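Asker: A single structure is presented below for examination.
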Amino acid sequence: MSKLNFLYRMELSHRAVSVYIYLADRANKDGECWPAIPTIAAELKLSQSTVRRALQDLRKAGLLETEQRYRTKGGKSSLLYKIRSR
């Protein structure tokens, strides 16, 4: 049985499923990764706005948490993505 079987049974958009699988593939052992939205969009051949909508879908479904990271001087850094499973 697939580790992602729960994902296929959920009522998620195809964009959300694609982005979840992308993030899961890049996550460390703690389920964390931090690719930039333009990187995700380019590698999945989606627009950046589509990726943002997919991330929102995943947060609403409880499959993703995001945390804004900051540089030592206070400027914004990348988002930290924490993937969850069901």
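A short reminder: the numbers here are calculations on the coordinates, not readings from a lab. Quick caveat, the model's predicted, so the values are computed rather than measured. Glycine also receives a Cβ, built like all others from the backbone with ideal geometry; neighbour counts cover every protein chain displayed.
Asker: Select from the chain those GluC sites (Glu not before Pro) which occupy a DSSP coil region and have at most 11 other Cβ atoms within 10 Å, ordered by residue number.
Answerer: Numbers: sites: E11, E32, E43, E65, E67; in loops: E11.
Here the sparse-neighbourhood loop sites are E11.
Asker: Angle check, please: helix 14-26 long axis (alpha carbons) against the longest principal axis of the chain (alpha carbons), in degrees 0 to 90, nearest 10.
Answerer: On a 0 to 90 degree scale, this one is about 60.
Asker: For the pair E43/K60, report the inter-label distance in nm, with labels modelled 7 Å from Cα in the Cβ direction.
Answerer: If labels sit at E43 and K60, their model points lie 2.5 nm apart.
Asker: Please list the equivalent ellipsoid semi-axes of the chain, computed as the square roots of five times the alpha-carbon gyration tensor eigenvalues, in descending order and whole angstrom.
Answerer: Working: eigenvalues 99, 44, 25 Å².
After diagonalising the Cα gyration tensor, the semi-axes are 22, 15, 11 Å.
Asker: For I21, what charge total do you get from the other residues with a beta carbon under 12 Å from its beta carbon, if Lys and Arg give +1 and Asp and Glu give -1?
Answerer: Numbers: positive: K3, R15, R26; negative: D25, E43.
Result for the neighbourhood of I21: +1.
Asker: Mind checking which lysines have their Cα closer than 24 Å to the Cα of K29? Skip sequence neighbours fewer than 8 apart in that chain.
Answerer: Within the straight-line cut-off, K29 pairs with K3, K60, K82.
Asker: What does the charge dipole of the chain about its Cα centre add up to, to the nearest 20 debye, if the Cβ of each Lys and Arg holds +1 and the Cβ of each Asp and Glu holds -1?
Answerer: Details: 17 positive and 8 negative charges, 37 e Å.
That gives the chain a dipole magnitude of about 180 debye.
Asker: Something else now. For the residue pair R69 and K82, what label-to-label distance in nm results when each label sits 7 Å from Cα along the Cα-to-beta-carbon direction?
Answerer: 1.4
Asker: Note down the net charge around S49, summing +1 for each Lys or Arg and -1 for each Asp or Glu among other residues with Cβ under 15 Å from its Cβ.
Answerer: Numbers: positive: R15, K45, R52, R53; negative: D57.
Computed value for this residue: +3.
Asker: Identify which of Q68, Q56, Q48 has the largest mean-square fluctuation in a Gaussian network model of the chain, with springs joining Cα atoms closer than 10 Å.
Answerer: Answer for the Gaussian network model of the chain: Q68.
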